[in-house]
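The block underneath contains the structure these notes are about, expressed in structure tokens.
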Amino acid sequence: MADHDSRAGQHYGSTEVLRFVEDTHAPHDEALASTYAAPAQEGMPAIHVSRSEARFLEVLMRLIGARRIVEVGTLAGYSALRLARALPPEGRLWTLEKDPHHAAVARRQVDLAGFSDRVEVCLGDAIETLAALSEHGPFDAVFIDADKERYPDYGAWALGNLRPGGLLVADNAFLFGKLMDQTSSTAGAMRAFHRAVASRFESACVPTPDGMVIGIRR
Ligand code: SAH
Ligand code: MG
């Protein structure tokens, strides 16, 4: 119970505390609630960001006045809805998903939330979709949350397609606790991603439960 412990990695976010701060800072409307519940209901992996992390994304996007956002990894659209809520009416979010079922559920949820004018769910492998998206750039923000071994590629794309001052955000930066595994090529890729972002962006790794990298494009 001391500052020293929290600096060393101790977390004070008990289930009760997390629930309180979620209810206080990140309340759900109907669309957010149904999208949050959709992965479990649709037989999809429930690997979306937490309520507080999603709201944090929205606040970051509001902070930079984001108008053009790219998300890599849609799932059911929960983080996408938070990103979209920060957009002005003429803003746009492209969210990339390779699984047709996930993309279909996300499109339904985006419709339900009334954001189909601002959000495009792009079906296909993200590497290919990103190459085609470049012509719509430069972008204000890129949120990376898909296949972890490809974070270095997604980071390189972000570097080339963000405006100066634009924001890179990447989830699961602790790789589910396996970041320091010296035998895993995915962990090696994630560490390489950290180093690349640190050397080319004004970056920080926020110690959320699974780590979230944020970086400003110089
Ligand atoms: N950002 C979402 C969660 C994304 S989960 C949220 O927090 O609400 C990761 C998603 O990335 C999965 O739906 C998975 O199908 C998708 N994905 C994985 N590899 C991909 C790739 N190469 N291209 C596009 N999507 C991919
Ligand atoms: Mg994630």
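Every read-out reported here was derived from the displayed coordinates using simple, explicitly stated rules and does not represent laboratory data. The structure presented is a predicted model; accordingly, all values stated were derived computationally and were not measured. Quick reminder, even Gly has a Cβ in these numbers, built from the backbone with ideal geometry, and neighbours come from all protein chains shown.
Here Pro27 clears all of (1) assigned to a loop (DSSP other than H, G, I, E, B); (2) within 16 Å of ligand 2 (Cβ to nearest atom) except the condition numbered (2). Being within 16 Å of ligand 1 (Cβ to nearest atom), more than 13 Å from the chain's Cα centre (by Cα) and under 21 Å from Ala86 (Cβ atoms) is the requirement here; does Leu162 meet it? So Leu162 does not fit the description; no.
Residues in region 76-105 that are near ligand 1 (Cβ under 8 Å from one of its atoms) and among the hydrophobic types (A, V, I, L, M, F, W, C): Ala76, Ala80, Leu96.
Look at region 1-51 and say how many of its residues are within 21 Å of Arg85 (Cα to Cα), of a type in the set (Asp, Glu) and surrounded by fewer than 10 Cβ atoms within 10 Å (Cβ to Cβ).
So the count comes out to 1.
Being at negative phi, within 16 Å of ligand 2 (Cβ to nearest atom) and assigned to a strand (DSSP E or B) holds for only one residue in Glu120, Glu71, Glu58, and it is Glu71. Annotation: of all residues in region 182-206 being surrounded by 14 or more Cβ atoms within 10 Å (Cβ to Cβ) and within 15 Å of ligand 2 (Cβ to nearest atom), the one that is farthest from Tyr154 (Cα to Cα) is Cys205.
Quick one: count up the residues across region 36-54 that are assigned to a helix (DSSP H, G or I) and either touching a strand residue (DSSP E or B) at 6+ places or on another chain (Cβ under 6 Å) or within 15 Å of ligand 2 (Cβ to nearest atom) (or both). Write out each step before concluding.
Our first condition is that a residue be assigned to a helix (DSSP H, G or I); within region 36-54, this holds for 36-41, 51-54.
Narrowing the set further to residues that are either touching a strand residue (DSSP E or B) at 6+ places or on another chain (Cβ under 6 Å) or within 15 Å of ligand 2 (Cβ to nearest atom) (or both) leaves 36, 39, 51-54.
Count: 6.
Going by what's in this entry, would Gly73 be described as surrounded by 14 or more Cβ atoms within 10 Å (Cβ to Cβ), closer than 27 Å to Pro164 by Cβ and within 11 Å of ligand 1 (Cβ to nearest atom)?
On the way: surrounded by 14 or more Cβ atoms within 10 Å (Cβ to Cβ): yes; closer than 27 Å to Pro164 by Cβ: yes; within 11 Å of ligand 1 (Cβ to nearest atom): yes.
Considered against the rule, which asks whether it is surrounded by 14 or more Cβ atoms within 10 Å (Cβ to Cβ), closer than 27 Å to Pro164 by Cβ and within 11 Å of ligand 1 (Cβ to nearest atom), Gly73 comes out as yes.
If the condition is being without any contact (Cβ under 8 Å) to a residue 24 or more places away in the chain and either near ligand 1 (Cβ under 9 Å from one of its atoms) or of a type in the set (D, E, K, R) (or both), then region 118-146 contributes Glu128, Glu135.
The number of residues in region 123-156 being away from ligand 2 (no atom under 16 Å from the Cβ), more than 24 Å from Gln109 (Cβ to Cβ) and touching a helix residue (DSSP H, G or I) at 6+ places or on another chain (Cβ under 9 Å) comes to 8.
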